[in-house]
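For reference, the structure is listed below as structure tokens.
The values are calculated or read from the model by the stated rules, or taken from the named source; none is laboratory data. Note that the coordinates shown come from a computational prediction; the quantities given were computed from them, not determined experimentally. So basically every Cβ, Gly included, is an ideal-geometry build from the backbone, and we count neighbours across all protein chains shown. With ligands, DNA and RNA removed, areas are computed over all heavy atoms of the protein, side chains included. Shrake-Rupley method; radii C 1.70, N 1.55, O 1.52, S 1.80 Å.
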Amino acid sequence: MKQAVEMMKNIYWIGVNDFETDLFESIWPLPEGVSYNAYLIRDRKNAVLDTVKKGFMPQFLEKIQSALPAGESIDYLVVNHMEPDHSGAMKVLRDLYPDMQIVCNARTVDFLKGFYGIESGLKVMGDGDKLDLGTHTLQFHLTPMVHWPETMMTLETKTGTLFSMDAFGGFGALKGGIFDDEVDLANAENEILRYYANIVAKYSPMVQRALKKLSGLNIQAVAPTHGPVFRTQPNYIIERYDRWSRQDTEPGVVIAYASMYGHTQTMSEAVARSLARNGVGQIRVHNLSKSHLSYVLRDIWRYRGLMLASSTYNMKPFPFMEMLLSTLQNDQLKNRVIGVFGTYSWSGGAVSAIRDFVEKSGNELLDPVVEAKHAPGEKDIEACRQLGQVMAARLS
Ligand code: FEO
């Protein structure tokens, strides 16, 4: 797509697709790519809302110029968020349009100077302030820590379009369809939830605060900086964000296990079989040595039941399990029902550490906690079956 795409009269999508980056933020896999969405509003004053990652400047500029008649300039660049996947092209854009004012809030100023040495030509807006473009009006709503301190959302009041930066966005490049009425949303939701679980989850309380703040606004469309643009069903994504940020979950169980020689895996299989036999329809099993943390987190964020299982490694949980526990602690996981099991060979460590984690997290710990020495015997396997049964009963 070399041309800007008109999403409604005089409002254009000018984003780009990134199929090249392997790891978003150098950690989260992008097998389906990712889009950096930006927008242009044409009016008596032309405004660009957010930019793209630095390396995509040529494509970005091509799109801007395809929508701007010759001789017209950009009057404002609205900076909703300073993370470089959205601000990276800003400096070059400013050099090309030196009279373009940068519209931001007070907390953005430090980032502008620090990242790009930009200190002048700023238009600093407060919460609720408005900017008249001619027939369109922009209103700024500060939403700190969704996902950085300076993050804000911009509402175009005539059309009710909320330019929401990372919030409501998703992984996955836009493969032809850009708007919700063109995209298979059930499929896209997997990558939107993965984005939420990986990038936004830690800030769920701030998402709740932002949703309450936005609830009084007339929102007819939601235009995030990643993934599909919700121009016909804004509530589709707002409702999901509300659920995900309240940690309101679906019935189902994730088994996340770390197994060195297959013994903890044998126990996981016994638990999974018991879950299925006892009527749990949604079971997701992740071997932490194979599944990337990104996907494990996505599934954990969706389902109420969680089984954490690990062999003991140097008297602690296996390293990939430690990484998972540390991330869940950071994300303040709650409202989950959790089972714990694992193995050891001479001194314990893994099972007691995971049990401690669950107890301190405030989530519900299921009985029995199963710990097998060396390889699981029939008594251990029977305890795993019982754990699966208890979980199934708890979820029904
Ligand atoms: Fe897509 Fe927080 O940047």
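Annotations
- The Rg/Rh ratio for region 1-140 is 0.96, where Rg is the radius of gyration of the alpha carbons and Rh is the Kirkwood radius.
- Charge-dipole axis of the chain as Lys and Arg at +1 and Asp and Glu at -1 on Cβ define it, positive-most pick from Gly176, Gly134, Gly348: Gly348
- If only the Cβ of Lys and Arg carry +1 and only the Cβ of Asp and Glu carry -1, the dipole of the chain around its Cα centre is close to 600 debye.
- For region 253-395, the share of DSSP beta bridges that are antiparallel, to the nearest 5, is 10%.
- Per-residue HN-Hα couplings for region 60-65 [Karplus 6.51, -1.76, 1.60; θ = phi - 60°; Hz; x = Gly/Pro]: 5, 5, 4, 5, 4, 5
- Compared with the direct C-alpha span, the chain from Thr137 to Met1 gains 46.1 nm at full extension, assuming 0.36 nm per residue.
- Calculated FRET efficiency, Lys113 to Glu25, Cβ-Cβ distance, R0 = 22 Å: about 0.45 to the nearest 0.05.
- Local net charge near Lys379, Cβ-Cβ under 12 Å (Lys/Arg +1, Asp/Glu -1): -2
- Computed helical MRE - 222 nm, the chain, DSSP H runs ≥ 4 contributing -39500 (n - 2.57), nearest 500: -10000 deg cm²/dmol
- Percentage, to the nearest whole number, of Cα pairs in region 319-365 over 12 Å apart: 63
- Alpha-carbon Debye profile of the chain, log10 I(q)/I(0) at 0.11 Å⁻¹: -0.79
- Sparse-neighbourhood loop sites, GluC sites (Glu not before Pro) in region 93-158 - DSSP loop, at most 10 other Cβ within 10 angstrom: Glu119
- Cβ-placed point charges (K, R +1; D, E -1), dipole of region 1-124 about Cα centre in debye, nearest 20: 440
- Over region 96-243: Kirkwood hydrodynamic radius from C-alpha pairwise inverse distances, Å: 16.2
- The chymotrypsin sites (Phe, Trp or Tyr not before Pro) found in region 314-396 that occupy coil by DSSP, while having at most 15 further C-beta atoms within 10 Å, are Trp346.
- Annotation: per residue accessible area for region 5-245 equals 37 Å², rounded to a whole number [probe 1.4 Å, protein chains only].
- Residues whose amide H lies under 5 Å from that of Ala4, counting only those 5 or more places away or on a different chain, are Ser66, Ala67; hydrogens are built 1.01 Å from N in the peptide plane.
- Sites listed here are trypsin sites (Lys or Arg not before Pro) in region 261-352 whose DSSP assignment is loop and whose Cβ has at most 16 other Cβ atoms within 10 Å: Lys290, Lys334.
- The phi-based Karplus calculation (6.51 cos²θ - 1.76 cosθ + 1.60; θ = phi - 60°) puts the 3J(HN,Hα) values of region 297-306 at 4, 4, 5, 4, 5, 7, 10, 7, x, 9 Hz, whole numbers, x for Gly and Pro.
- ³J(HN,Hα) computed for each position of region 265-281 - Karplus, 6.51 cos²θ - 1.76 cosθ + 1.60, integer Hz, glycine/proline x: 5, 4, 5, 4, 5, 5, 5, 4, 4, 5, 4, 5, 5, 9, x, 7, x
- DSSP-defined beta bridges in the chain - what % are antiparallel, rounded to 5: 40
- Compactness of region 253-395 - radius of gyration and Dmax, Cα, Å: 13.3, 37
- Nonlocal amide H pairs with Gly170, under 5 Å, H built at 1.01 Å: His226, Gly227
- Distances between placed amide hydrogens fall under 5 Å for Ile102 paired with Leu77, Leu122, Lys123, all partners being 5 or more residues away or on another chain.
- Rg over Rh for region 339-396 works out to 0.99, using Cα positions for both radii and the Kirkwood form for Rh.
- When region 202-335 is described by a simple charge dipole with +1 on each Lys and Arg Cβ and -1 on each Asp and Glu Cβ, the residue from Ser289, Pro224, Tyr261 located farthest towards its positive end is Pro224.
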